Amino acid sequence: MEHQIQNYIGGDWHAAQSGAYLDNYQPATGKVYSRLPDSDARDVELAVEAARKALPHWSKCGAQERFQILMRVADLIERDIESFASAESADSGKARTLARTVDIPRAIANFRFFATAILHFSSEAHPMEGEAVNFTLRQPLGIVGCISPWNLPLYLFTWKIAPALATGNCVIAKPSELTPMTAYLLTKVCAEAGLPAGVLNILHGLGGKVGQAIVEHPEIKAISFTGGTATGRSIAQTAAPMFKKLSLELGGKNPVLIFADAPFEEMLNTTVRSSFANNGQICLCGSRIYIQRPIYEQFREAFVARVKALRVGDPEAPDTNQGALVSQQHLEKVAGYIRLAQEEGGKILCGGQRVEMPGELAGGYYLQPTVIEGLPIGCRTNQEEIFGPVVTIAPFDTEEEGLAFANGTNYGLAATVWTNDLMRAHRVAEQLHFGIVWINCWMLRDLRTPFGGVRQSGVGREGGLEALRFFTEPKNVCIRYW
Ligand code: TXE
């Protein structure tokens, strides 16, 4: 076996208490290429013990020390960026170029952003004239749990861990069992950067087993989770009666609303990306595209031509646009939705088939990017999160109708609007029931902004001050003047 991943507990690397390992598949080939510990509640207990020992120092050492260590972690990931990018691509099937230019740089940025943010973090004072002053002390929660998914492995893992550590918490973190490798590499870098033992503990294994044990542990005060809506619901069912703080970043079924006055070329380029970046496996991807009728035909023709030109293939090849999907199971799920779309009356304009690759890649999980039209707004294909390289397109007439289509799901993560009409941009943005609205752009991210969704896309916000506030407990201190 080429790689054997280990848990990271108390600054050391361990097998799971069970002694068992799970197979880790490489999506590009469909073959097992590493193994990860099959951890359970016993490993969570050890991690909590280690975190408990580390907490008094880490929570009190001060922002300056935490800043320095987290900046070193960022520098070391940057030093090793090529091996992180290769590992991310091998583990997730995404194009290596994407991992090298987006995922890993973003993980570095997450550490730098929160390392510096903690130096600037402040809290409020509420003076009561002539009587007293209230001030808000923001203290670390203690031990917190961070659980992340497989689509942007290190990017989303660090998006949670960095603010949790910066605010002085000790962390028990679990990456997805489908993509554990970069979280494992991160442990090496954290040790080299001098992160004290027990401050960050990383456990590997199944969500229903070790993930559930993290959520259930009474000493873990908060859970920051990104993943599927059904998992989020089950985590809330466990954590809410224990009064844990919860941040749930869940799925999406994001609309793209294209008005006839949109800047056409810019819109087209970005819509290809917002549909198929990372094979559509980004919670922010726009999967329902509504186009105002006057430009519907023009859009359909140009879009389909561009999608047909996307190159599906070896994630390692520099000219690959679309690598492999993350797993056999996920490939089957997405292919199942393409069949469902046809049963629901949809017409496939391009794609829809698996891509058979030669040689070593023959067992990989490749799928053509797929565009479907002719489906009713309320059908399952247009209502459920597919999370793959599949989009539907449909025309709309008026602004009201476009808005009704866009708002017509139970999800509410991100919406994209294309228009050159400033007044309309404001009007529409105000009426969209989503946590994030992009006008004439997509995935343009400023890490200071609140990030998260409404309705079935989750509760709570990440990013900037929201994350620093989530990972701290506000305590009001009222001091009376004499
Ligand atoms: O995610 P899961 P899955 C959506 C997407 C996808 C679907 C299911 O539609 O097809 O969710 O994907 C851990 N207690 N998104 O099954 O299971 C799990 O080990 C604690 C959208 O892969 O939600 C992993 O670390 N933890 C999404 C993490 O939760 C549990 C990204 C996410 O896995 C657990 C991924 C439990 N009971 C999928 N069960 C996005 N919003 O970006 C699982 N886990």
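The values are calculated or read from the model by the stated rules, or taken from the named source; none is laboratory data. Remember, it's a predicted structure, so these values are computed and weren't measured experimentally. In this analysis, Cβ positions are derived from the backbone assuming ideal geometry, glycine residues included, and neighbour counts consider all displayed protein chains. Calculation scope for accessible area: heavy atoms of the full protein, side chains included, ligands and nucleic acids excluded. Shrake-Rupley method; radii C 1.70, N 1.55, O 1.52, S 1.80 Å.
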Checklist entry - Of all the residues that make up the range 197-211, how many are of a type in the set (A, V, I, L, M), more than 12 Å from the ligand (Cβ to nearest atom) and buried (at least 21 other Cβ atoms within 10 Å of the Cβ)? => result 2
Checklist entry - Which residue out of 215, 189, 171 is of a type in the set (A, V, I, L, M), out of contact with any Phe, Trp or Tyr (no Cβ under 6 Å at 6 or more places or on another chain) and under 22 Å from residue 251 (Cβ atoms)? => result 215
Next on the checklist: Tell me whether the range 414-431 contains one or more residues that are within 16 Å of the ligand (Cβ to nearest atom), at pLDDT 95 or above and either outside the structural domain of residue 332 (by TED's automatic domain parsing) or open to solvent by 10 Å² or more (accessible area, probe 1.4 Å) (or both).
Outcome noted: no
Checklist entry - Any idea which of 276, 243, 264, 303 is without any contact (Cβ under 8 Å) to a residue 12 or more places away in the chain, more than 15 Å from the ligand (Cβ to nearest atom) and of a type outside the set (Lys, Arg)? => result 243
Item to check | Residue pairs meeting the criteria (Cβ under 8 Å; at least 6 apart or on separate chains; first not in a helix (DSSP H, G or I), in the range 55-77; second not polar (S, T, N, Q)) | outcome: 61/168
Checklist entry - Within the range 251-310, restricting attention to residues that are among the basic types (Lys, Arg) and buried (at least 20 other Cβ atoms within 10 Å of the Cβ), which residue is farthest from residue 227 (Cα to Cα)? => result 288
Next on the checklist: Taking the conditions exactly as written (touching a residue at least 40 places away in the same chain (Cβ under 8 Å) and either part of a strand (DSSP E or B) or within 16 Å of the ligand (Cβ to nearest atom) (or both)), does residue 478 satisfy them or not?
Outcome noted: yes
Next on the checklist: Tally up the residues in the range 222-273 that are of a type in the set (Ser, Thr, Tyr) and in contact with a helix residue (DSSP H, G or I) (Cβ under 7 Å, 6 or more places away or on another chain), please.
Outcome noted: 6
Next on the checklist: Go through (1) open to solvent by 10 Å² or more (accessible area, probe 1.4 Å); (2) at negative phi; (3) more than 16 Å from the ligand (Cβ to nearest atom) for residue 194 and report which single condition fails.
Outcome noted: (2)
Checklist outcome for this item: All conditions in (1) open to solvent by 10 Å² or more (accessible area, probe 1.4 Å); (2) within 30 Å of residue 365 (Cα to Cα); (3) in a helix (DSSP H, G or I); (4) touching a residue at least 12 places away in the same chain (Cβ under 8 Å) are true of residue 149 except (3)
Checklist outcome for this item: Counting only residues that are open to solvent by less than 10 Å² (accessible area, probe 1.4 Å), part of a loop (DSSP other than H, G, I, E, B), in contact (Cβ under 8 Å) with a residue 60 or more places away in the chain and within 12 Å of the ligand (Cβ to nearest atom), the range 153-191 contains a total of 2
Next on the checklist: Looking only at the range 322-342, count every residue that is assigned to a loop (DSSP other than H, G, I, E, B) and out of contact with any strand residue (DSSP E or B) (no Cβ under 7 Å at 6 or more places or on another chain) and tell me the total.
Outcome noted: 3
Checklist outcome for this item: Residues of the range 212-234 being surrounded by 21 or more Cβ atoms within 10 Å (Cβ to Cβ) and under 21 Å from residue 88 (Cα atoms), in sequence order, are 225, 226, 227
Item to check | Leading residue by the ranking (nearest to the chain's Cα centre (by Cα)) among those in the range 87-115 that are open to solvent by 50 Å² or more (accessible area, probe 1.4 Å) and β-branched (Val, Ile, Thr) | outcome: 102
Checklist entry - Limited to the range 432-449, what total is found for residues that are surrounded by fewer than 16 Cβ atoms within 10 Å (Cβ to Cβ) and within 16 Å of the ligand (Cβ to nearest atom)? => result 1
Checklist outcome for this item: Flagged pairs (Cβ under 9 angstrom, 6 or more apart or on separate chains; first in the range 222-238, closer than 12 Å to residue 456 by Cβ; second within 7 Å of the ligand (Cβ to nearest atom) and among the hydroxyl-bearing types (Ser, Thr, Tyr)) are 232/226
Item to check | Qualifying positions in the range 7-24 - open to solvent by 20 Å² or more (accessible area, probe 1.4 Å) and out of contact with any Asp or Glu (no Cβ under 9 Å at 6 or more places or on another chain) | outcome: 11, 12, 13, 15, 23
Item to check | Selection from the range 25-47 of residues that are surrounded by fewer than 22 Cβ atoms within 10 Å (Cβ to Cβ) and closer than 19 Å to residue 217 by Cβ | outcome: 38, 40, 41, 42, 45, 46
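Would you check if residue 465 is open to solvent by 70 Å² or more (accessible area, probe 1.4 Å) and touching a Lys or Arg at 6+ places or on another chain (Cβ under 8 Å)?
yes
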Checklist outcome for this item: Exactly one of 374, 408, 388, 378 is in contact with a Gly (Cβ under 6 Å, 6 or more places away or on another chain) and more than 16 Å from the ligand (Cβ to nearest atom), and that residue is 374
Checklist entry - Within the range 212-229, can you find the residues that are within 7 Å of the ligand (Cβ to nearest atom) and of a type outside the set (S, T, N, Q)? => result 214, 215, 225, 227, 228
